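Undergrad: Have a look at this one before I ask anything.
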Amino acid sequence: MIKYVHFFYDYFIDLGLTKITSKYLNLLALSILTLVVLFLLDILVRKILRLISAKVAATTKSNFDDLLIANRVPRNIAHIPALYLAIESIPLVFNDFENLHLFFEKGMQVSGIILGLLIVRSLLNTLKNYFKTVPRLKDKPIDSYIQVFMIFAWIIGIVLALAVVVGGTSLWKILTGFGAASAVILLIFKDTILGFVASIQVSINDMVRIGDWVTFEKFGADGDVIEINLATVKVQNFDNTITTIPTYALIADSFKNWRGMTNSDGRRIKRHMLIKQTSIKYLTIEDIERLKQIEIISVYLNTMQDKIQNFNDSHSVDKSILINGRNLTNIGVFRKFIQTYLQQHSAINNDMLLMARQLQPTSQGIPLEIYCFTKDKRWESYEYVMSDLFDHFLAAVPFFDLELFELPSNNSFTPS
């Protein structure tokens, strides 16, 4: 083999060149020849692997092989034969240059480590893309797990590369050196470490999934989670802007996850009307007869009127004053009207909590709250149903001789 290594050297000597010149020209010729061979080998292996990968991808039903090609796994693997040949050819090419031989040998070994990392990254990206197509894994923080594995791979790769470069130093001494520099490493990778710990806690406790609607007031986020990775969580707000939140903020701060609502049987309506206190009164017989014309409470009024009449008669109540005995009030009948209307409404889930209730009186009036759940949880449908209900209730207020509270207008302009 040495004979072939010095083929060009002997040729240049025969031409009358000096030994030093012949030695360098021999190195140049061998380097060019090796590079050409490596280049052709790399192209040939790449084309062969591409053809094989395309045929395999076309015959299989799974999309995993398609993702392997998309993430350039066969292309990266195709570099292995050329790299192996380059490492093996270094002792021959640099036979007469010991220092260069050692330098390029270490360089090729480090290149091999980098190529291994590229292959690992391509495989991990393939797994990430594949797992996102699996229905039961779509809402899991796959990006975080892949990034964690990639961080460990880079750490191992850097340690191995340093072991190759420093040569005589043992791997244990390098790791010891890393331990001594751990304070600096922790400072540099503080956010990464916090994100790593937070990603594990978020995943184990199932706090957030991709697709969840979250509200994070501190960061102005209100929308759907579209990505969870090691350092950040991306939320697409309802105005289509993107808010990026540090992953560790999910365990350090409070936020609202609407998943419980979306997984339940209904979405809550909780809104009140302010009734003017001076408009509340007892109902007279004439008032009751008038309100009986409202069909959904006519049966209720007949039943309650009979009960109240029987009670007052049995207790000899003096009804010359309306406050004596038992009576119906306009606000009470209005509450019954609201509750009956909600129970009969096709968009309201009657299997969940439903009520019209009176809250603590305030200086602005008496809050009359509607508390129920819509069957349709979609935002636009929910808003439509809620608006439709309150359109009806607000318009019904005057029929019960009630008034809504409003602050007096400050507009004192009088047209001439």
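Undergrad: Out of everything in the range 218-237 that is free of Cβ contacts under 8 Å to residues at least 24 places away in the same chain and open to solvent by 40 Å² or more (accessible area, probe 1.4 Å), what residue ends up being farthest from LEU137 (Cα to Cα)? Quick ask: steps written out before the conclusion?
TA: Filtering the range 218-237 for residues free of Cβ contacts under 8 Å to residues at least 24 places away in the same chain gives 220, 222-226, 234-237.
If we keep only those that are open to solvent by 40 Å² or more (accessible area, probe 1.4 Å) as well, we get 220, 222, 224, 226, 234, 236.
On the way: GLY220: 28, ASP222: 23, ASP224: 17, ILE226: 14, LYS234: 18, GLN236: 20 Å.
Looking at the filtered set, the residue picked out is GLY220.
Undergrad: LYS307 - would you say it is surrounded by 15 or more Cβ atoms within 10 Å (Cβ to Cβ) and either over 52 Å from the mean Cα position of the chain (by Cα) or basic (Lys, Arg) (or both)? Walk me through it before giving the result.
TA: Working: surrounded by 15 or more Cβ atoms within 10 Å (Cβ to Cβ): no; either over 52 Å from the mean Cα position of the chain (by Cα) or basic (Lys, Arg) (or both): yes.
No.
Rundown of residues vs (1) under 21 Å from LEU41 (Cα atoms); (2) out of contact with any Lys or Arg (no Cβ under 9 Å at 6 or more places or on another chain), yes/no style:
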residue: LEU51; (1), (2): yes, yes
residue: THR60; (1), (2): no, yes
residue: ASN71; (1), (2): no, no
residue: GLY112; (1), (2): yes, yes
residue: SER122; (1), (2): no, no
residue: LYS128; (1), (2): no, yes
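Undergrad: Determine if the range 326-345 includes at least one residue that is touching a helix residue (DSSP H, G or I) at 6+ places or on another chain (Cβ under 7 Å) and of a type in the set (Gly, Ala, Ser).
TA: no
Undergrad: Right, next: So which of ILE296, ILE245 is closer than 24 Å to GLU369 by Cα and either touching a helix residue (DSSP H, G or I) at 6+ places or on another chain (Cβ under 9 Å) or surrounded by 15 or more Cβ atoms within 10 Å (Cβ to Cβ) (or both)?
TA: Working: ILE245 fails: closer than 24 Å to GLU369 by Cα.
The unique qualifying residue is ILE296.
Undergrad: Among the residues of the range 277-295, is any in contact with a strand residue (DSSP E or B) (Cβ under 9 Å, 6 or more places away or on another chain) and of a type in the set (D, E, K, R)?
TA: Yes, there is a match, as at least one residue in the range 277-295 is in contact with a strand residue (DSSP E or B) (Cβ under 9 Å, 6 or more places away or on another chain) and of a type in the set (D, E, K, R).
Undergrad: Find the residue count for the range 329-358, including only residues that are out of contact with any Lys or Arg (no Cβ under 9 Å at 6 or more places or on another chain) and open to solvent by less than 40 Å² (accessible area, probe 1.4 Å).
TA: Counting residues in the range 329-358 that are out of contact with any Lys or Arg (no Cβ under 9 Å at 6 or more places or on another chain) and open to solvent by less than 40 Å² (accessible area, probe 1.4 Å) gives 9.
Undergrad: Which of the residues spanning the range 248-269 are farther than 18 Å from ASN205 by Cβ and either of a type outside the set (A, V, I, L, M, F, W, C) or buried (at least 18 other Cβ atoms within 10 Å of the Cβ) (or both)? Steps first, please.
TA: The initial filter retains those residues of the range 248-269 that are farther than 18 Å from ASN205 by Cβ, namely 261-262, 264-269.
The answer is THR262, SER264, ASP265, GLY266, ARG267, ARG268, ILE269.
The values are calculated or read from the model by the stated rules, or taken from the named source; none is laboratory data. Quick caveat, the model's predicted, so the values are computed rather than measured. Neighbour counts run over all protein chains shown; Cβ positions are idealised from the backbone, glycine included. Just the protein is used for accessible areas: all its heavy atoms, side chains included, with ligands, DNA and RNA removed. Shrake-Rupley method; radii C 1.70, N 1.55, O 1.52, S 1.80 Å.
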